[in-house]
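Asks: Just dropping this structure here.
Taken together, the values in this text are just the output of simple stated rules run on the coordinates, not laboratory data. Predicted model only: the values in this text are computed from it and were never measured. Please note: Cβ atoms are built from the backbone with ideal geometry, for glycine as well, and neighbour counts cover all protein chains shown.
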Amino acid sequence: MLIFKQLILGLLLPAVVTGGILVFARSLVSKEDGDSIIGGTGISAGCRIAIALGAGYIVGYIGLEGLPPFPPREGVQWLPYFAVLGGILGCFWHLSLWGRVCVQAVLSIAIPRLLLNSAFKYTWGPLEGIIWWVCLAAAIFIFWHLVQQSFTLLPTGAVRPFVYFGISGGTALILAVSGTLRLAQHGGILLALFAVSWIMVLVLQRRSSNWDLFPSGASPVVTLLLAGIWMNGYFFEEVPAASAVLLAISLFFAPVGRIAVIQRLGAWRSTLVQIAAIALPVLIAIGIAIARSGLFGDSSGY
C-alpha cells in the first residue's frame, strides 16, 4: 500500500495531471512563442506551464500528505500554498517588470518568516533571527533571479526541463540519503513533473520547433517550490549546509554557454558544456550528502 501511494499518487498521478494540462494548453496554441498570448484566450505561455507545474505538485502533495491544513503547522505544509501562489503569479508575470521585482522582493522577505516561524520563535534570539531573515531573503531573491535568467540563457526546447529534471533529481537523492524520506518524496514529485515536461518537449519538437515550454513566467512556481523544499531540508531535517548551497548556486553557471570561447565550439557542444557546468555543483552536493550520511564509512560534518 505504501509503494502504491508513493509511486502512483506521489509520482505517476502528478505527472499525468501536468502532462494533461500541457497537452490541453498545446491544443490552444497556434504559432505563439515564449511569453506570447494564446490567440483570443488571453492566456500567456508562462501561465500554462505555471498552472501545469503547480497543479501537478498539489495533486502529488495531496496524494502523499492529504489536504494541507490552514494555517500550516509545519514547514512542509506551506509547499502546496507556494504552488498555488506560483501558479497565480505565473499568469501575470508578463505584465510589468517593476511589478515582478516588487513581488520578488516582498515574497523573498515573507517566505522565511512563514516557513521558519518555529525557528524564529523557539530557536533563534532576536539578533540571530534578524541575521538569518536578511540572509535568507537575499538568497531567495538572488535564486529567483537565477531561475528567471536561466530561462533566457538556456537553449529553448528540451534543455530547460532537462536541467531542472537534474536539479530536482539531485534534490530528491540528497534528501533521501540524508534520512529525510518524507521530504525526498516531495522532491520526487518535482522530478516527475520535470520528467514529463522534458519528454513532452522531445515529442513535440518533432512537430513544431517553436514551442517554448519554459518561458520566464514559469519562474515563480519553480523558485518557490525548490526554495521551500531546500529550506525544509536544511532547517528541519539533516541536509548538509554545503549541499543546500551548492544546489542553490548551480544555476549561477548557466551563463557559461554565452562565453565566446564556449560558443565557438558549436551549438550542441556549447550546450553540453553549459549543462555540465550546472550539473557539477549538483553532483558535488550529492557527493557531500552521501559522505555525510556515512554510507562509505564515518560521516563528517559540513
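Asks: So what are the ³J(HN,Hα) numbers for region 12-17, from phi and the Karplus equation (6.51, -1.76, 1.60; θ = phi - 60°), rounded to whole Hz, Gly and Pro as x?
Replies: Values, residue by residue: 5, 4, x, 5, 5, 5 Hz.
Asks: Mind running the shape call on region 127-190? Use the C-alpha gyration tensor, a ≥ b ≥ c as the square roots of the eigenvalues: rounded below 1.5 for a/c, prolate if a/b tops b/c, oblate otherwise.
Replies: Oblate, because a/c is 1.5 or more while a/b does not exceed b/c.
Asks: How high is the FRET efficiency between S96 and A279 when r is their beta carbon distance and R₀ equals 25 Å, given to the nearest 0.05?
Replies: 0.15
Asks: Next question, about the same structure. Can you work out the FRET efficiency for the pair S293 and R264, with r the C-beta to C-beta distance and R0 = 41 Å, to the nearest 0.05?
Replies: Calculated transfer efficiency: 0.50.
Asks: Would you please classify the overall shape of region 59-124 from the alpha carbon gyration tensor, given that a ≥ b ≥ c denote the square roots of the eigenvalues, rounded means a/c under 1.5, and beyond that prolate means a/b larger than b/c while oblate covers the rest?
Replies: oblate
Asks: Okay, next question. Which FRET efficiency value, to the nearest 0.05, do you get for A105 and V256 by plugging their Cβ-Cβ distance into 1/(1 + (r/R0)^6) with R0 = 25 Å?
Replies: 0.35
Asks: Using a basic spin-label model with each label point 7 Å from the Cα along Cα→Cβ, how many nm lie between I199 and R113?
Replies: Computed distance between label sites I199 and R113 equals 4.3 nm.
Asks: For the residue pair H145 and V16, what label-to-label distance in nm results when each label sits 7 Å from Cα along the Cα-to-beta-carbon direction?
Replies: Label-label distance for H145 and V16, simple model: 4.3 nm.
Asks: What spacing in nm lies between the two simple spin-label points modelled at R73 and E128, each 7 Å away from Cα in the Cβ direction?
Replies: 2.6
Asks: Right, something else. Going highest first, how would you order 259-268, 57-66, 180-189 by mean Cβ packing within 10 Å?
Replies: Those peptides, ordered most packed to least, come out 180-189, 57-66, 259-268.
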